[in-house]
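Each reported figure results from applying straightforward, stated rules to the coordinates on display, with no laboratory input. The model shown is predicted, which means the values in this text are computed figures rather than measured ones. Cβ: placed from backbone, ideal geometry, glycine included. Neighbour counts: every protein chain shown.
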Amino acid sequence: MVSMPEKELTMIKVGDKIPEAKLMYLSDAGPTPLSTEELFAGKTVVLFALPGAFTPTCSNNHLPGYIQMADEIGAKGVDTIACLSVNDAFVMGAWGKMQNAGDKVMMVADGNAELTEKMGLVMDGSAFGMGKRSLRYSMIVRDGEVVSINVESNPGAAVESGAENLLGQL
């Protein structure tokens, strides 16, 4: 069997539109589909992504920063703050509940890494038994267009992609 070379993915950049993808979130009715169109159209959205729910930097720094600064971010005209990870909706829901995300941060699952791959923001976590994951990043999206993106240079930190840095860009 001949294997085909993988298509080279180009990382999304300022001025690009968010690609079409199906995401999920945990609602009271259970796992609920969410298209990127529904999430981004006509809104200002802060999207931040991380390698995995319940992982140390994600749980101790990245998500808590956005929860703590949600009111300040919202005061700058942001309609939605969304946390994205290549996990399933149940894991994202449980993690959000444990972290007291409430209605401050929407916990979004990209379980098949569909959006993550289309945006060229995939991290290979195979060496850690994690498979495909998302790079750690944050972005500001207005009506589906990326206006700011911060890809973390040190995946063990949440500085460039953190809430404080992003707030300064609004």
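The table below lists the values:
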quantity	calculated
Percent antiparallel among DSSP beta bridges (both partners in the chain, rounded to 5)	70 percent
The chain - convex hull of the alpha-carbon atoms, volume per residue in Å³	122 Å³
Total charge dipole magnitude, the stretch 79-166, about the Cα centre, Cβ charges on Lys, Arg, Asp, Glu only, Debye to nearest 20	220 debye
Entries of Lys17/Lys43; Lys13/Lys118; Lys43/Lys132 with Cα pairs more than 24 Å apart	Lys43/Lys132
Relative contact order for the chain, counting Cα pairs under 8 Å that sit 6 or more residues apart, in percent	30 percent
Neighbour net charge for Gln169 - beta-carbon separation under 14 angstrom, K R +1, D E -1	-1
Centroid-to-centroid separation of the stretch 143-162 and the stretch 88-121 [C-alpha atoms, Å]	16 Å
Net charge dipole size for the chain [Lys, Arg +1 and Asp, Glu -1 on Cβ; Debye, nearest 20]	160 debye
Anisotropy class of the stretch 65-149 from Cα gyration tensor, a/c 1.5 cut	oblate
Amide H partners (placed H, <5 Å) of Met106, local residues excluded	Ile81, Ala82, Cys83
Reachable lysines, given that their alpha-carbon falls under 18 Å from the alpha-carbon of Lys97 and they are not under 8 places away in the same chain	none
Two-site label geometry, Lys13 and Thr32: point separation in nm, points 7 Å out along Cα→Cβ	3.7 nm
Proximal aspartates and glutamates to Lys76, defined as alpha-carbon separation beneath 18 angstrom and excluding residues fewer than eight positions away on the same chain	Asp103, Asp143, Glu145, Glu164
For Asp103, net neighbour charge (Lys/Arg +1, Asp/Glu -1) across residues whose Cβ lies under 14 Å away	-1
